[in-house]
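The values are calculated or read from the model by the stated rules, or taken from the named source; none is laboratory data. Not measured: the values here are computed from a predicted model. Every residue, glycine as well, gets a Cβ built from its backbone with ideal geometry; the counts of neighbours run over all protein chains shown.
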Amino acid sequence: MQIRPAAALTGALIGMSALFLPTATAQATGRTTHHHHHHHPVTVAHRGASGYAPENTLAAVDAADDLGIDWVENDIQRTRDGELIVMHDTTLNRTTDVEQVFPDRAPWKISDFTLDEIEKLDAGSWFGPDFQGETVPTLEEYMDRVSDNHQKLLLELKAPELYPGIERQTLRELRREGWLDHRHKRRLIVQSFNAESVRTVHRLRPDVKTGFLGTPAVADLPEYAEFSDQINPSYPTIDASYVAAVRSVDGAHGKPLEVYTWTVNDGPTAVSVAGMGVDGIITNKPDVVRDALDDAS
């Protein structure tokens, strides 16, 4: 049964890749068929298993682990006193009780608060009473939990333009945590929507796998491939021909660019994007995506 999506994708590629890749059709087709025949996409728990626990908390990492999910995704930002924490928004008010604790500190930007202040916040109650008292983790705490669970990490530098030097600081902390040794590097990808930030990570640590978040024009892919190993687009922005075009370009480490797409939370959509040939699916409900892919293969 696994042959069918590959065969369908091959047909789509032969028919459509001429739109993008007149000189690379055979190459793209061969690569994609071989890839898709042997794997189904990696399932990545978005901000942890954020459909089941408050996003970007240790509880969400553990929820993913409880579901048997190896890969988790998270977001890194920096406090006023220069500490790295795990949170998606650049403000604290959506996912903590900061408005109650510090009512006079609007607009509650992360960069306006010290780590000590942020550690006083409840980052779980907004999601549900079972998570009352869950805290905003530091990157160090987060990495320790991912390590304890033997998980793998897709780490996003969130709004790095707000935090000059965060690339070097993050890599330094990852190195201190042991995550840049040979064994761990295979369990780590650093990504960002900010191309210059991804480029900086690649320049500082060319051995670290990197991803660019977005859907660049096909003509621009070779430029991104100089510093990226992945192109990670939102799923409504892609189709099989786009995935084939991405995978026809070799990334920064000489292998075909991979595609991890987001944020897919239902089975039929997961099966559909898997049929396009993506390498990974980022999801709030990783068990739903994994089970749908297993049933379809």
Among the residues of segment 150-194, the number that are among the acidic types (D, E) and out of contact with any strand residue (DSSP E or B) (no Cβ under 9 Å at 6 or more places or on another chain) is 3
Which of the residues that make up segment 248-278 are in contact with a Gly (Cβ under 8 Å, 6 or more places away or on another chain) and not in a loop (DSSP other than H, G, I, E, B)? E258, V259, Y260, T261
Output the residue which, of all residues in segment 243-269 that are of a type in the set (G, A, S) and surrounded by fewer than 20 Cβ atoms within 10 Å (Cβ to Cβ), is farthest from the chain's Cα centre (by Cα). G254
Suppose we filter A12, A28 for residues that are modelled with pLDDT under 50, surrounded by 24 or more Cβ atoms within 10 Å (Cβ to Cβ) and among the hydrophobic types (A, V, I, L, M, F, W, C); which single one remains? A28
Check segment 270-278 and report whether any residue there is at pLDDT 95 or above and within 15 Å of the chain's Cα centre (by Cα). yes
Within segment 85-117, how many residues turn out to be crowded, with 22+ Cβ neighbours inside 10 Å and not aromatic (F, W, Y)? 8
Does M87 satisfy being aliphatic (A, V, I, L, M) and modelled with pLDDT of 95 or more? yes
Among the residues of segment 46-77, the number that are acidic (D, E) and under 18 Å from I189 (Cα atoms) is 3
Matching residues, segment 56-71, being in contact (Cβ under 8 Å) with a residue 60 or more places away in the chain and either of a type in the set (D, E, K, R) or not in a loop (DSSP other than H, G, I, E, B) (or both): L58, A59, V61, D62, A64, D65, D70, W71
Mind checking which residues of segment 263-285 are touching a helix residue (DSSP H, G or I) at 6+ places or on another chain (Cβ under 6 Å), within 21 Å of Y52 (Cβ to Cβ) and not aliphatic (A, V, I, L, M)? G267, T283
Search segment 178-189 for residues being in contact with an Asp or Glu (Cβ under 8 Å, 6 or more places away or on another chain) and at pLDDT 95 or above, and hand back the single one that is nearest to V259 (Cα to Cα). I189
Mind telling me which of the residues D291, D287 ends up being within 27 Å of V61 (Cβ to Cβ), assigned to a helix (DSSP H, G or I) and either in contact with a Leu (Cβ under 9 Å, 6 or more places away or on another chain) or modelled with pLDDT under 95 (or both)? D287
When residues of segment 215-242 are limited to those that are among the polar types (S, T, N, Q) and more than 15 Å from G254 (Cβ to Cβ), the one surrounded by the fewest Cβ atoms within 10 Å (Cβ to Cβ): T237
